[in-house]
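One structure below.
Bear in mind these aren't lab numbers, they're just calculated from the coordinates by the rules spelled out. On a predicted model such as this, the values are computed, not experimentally measured, just so you know. All Cβ positions, glycine included, derive from the backbone under ideal geometry; neighbour counts span all protein chains shown.
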Amino acid sequence: MSDARARLLELLRTHSFARRRVVLASGRESDFFIDCKQTVLLAEGHALAGAAMLDVALGLPRSPVAVAGVELGGCPLASAVALLSFQRGLPSPFGVGWNAVYVRKQAKDHGSQRLLEGDVGLTEGAPVVVVEDVVTTGGSTLRAVERLRSRGLDVVGVVALVDRLEGGADAIRAEGLPFEAVFTRHDFLPA
């Protein structure tokens, strides 16, 4: 494990992981909770998570030109990955760097009433990678994938910061999407 990845895991264990009973977004109960936002919103955590997820995304079979974050936890990750892609000089149809796109859970009830933010410059068929903070069942990820696809974008894979190993990866792969995670529950709990 690289020093940067080890430091990111240390931050996640310190700021984001808790052994306590909680009801997850999936509706399931769990005896542990991983709130990645508490790490990702730290300056150091933001940079380290963005770099780790960019490195994983670069290993996907097809390269994206944009990175989509699922509201709320995936949004800062999408921004971090987009920023790092620019700083590393990755080419894209926009010049340098991947654009960030935010996928809302519900359309705003005012203004533009958009489900997607940041997609305006993307053409039909543009390849996009979805980033998530934590994947449990994969339900919210797959709803976001459907929103991106209904906009005409080509989702080329999903990268999660943490996979709870509760079926989400299988559900995402069953939709024909590559799935990779930086960490799994085994990085936080003994097997």
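A few remarks follow.
- The range 22-61, subset assigned to a loop (DSSP other than H, G, I, E, B) and small (Gly, Ala, Ser), residue farthest from Ala4 (Cα to Cα): Gly27
- Looking across the range 110-141, the residues that are part of a strand (DSSP E or B) and either surrounded by fewer than 19 Cβ atoms within 10 Å (Cβ to Cβ) or among the hydrophobic types (A, V, I, L, M, F, W, C) (or both) come down to Leu116, Glu117, Pro127, Val128, Val129, Val130, Val131, Val134, Val135.
- When Ala82, Ala160, Ala144, Ala78 are checked against the criterion of being in a strand (DSSP E or B), touching a residue at least 12 places away in the same chain (Cβ under 8 Å), buried (at least 20 other Cβ atoms within 10 Å of the Cβ) and of a type outside the set (Asp, Glu), Ala160 stands alone in meeting it.
- Val101 over 24 Å from Leu24 (Cα atoms), without any contact (Cβ under 8 Å) to a residue 60 or more places away in the chain, of a type outside the set (Ser, Thr, Tyr) and in contact with a Gly (Cβ under 8 Å, 6 or more places away or on another chain): yes
- When residues of the range 58-71 are limited to those that are of a type in the set (A, V, I, L, M, F, W, C) and under 10 Å from the mean Cα position of the chain (by Cα), the one surrounded by the most Cβ atoms within 10 Å (Cβ to Cβ): Ala68
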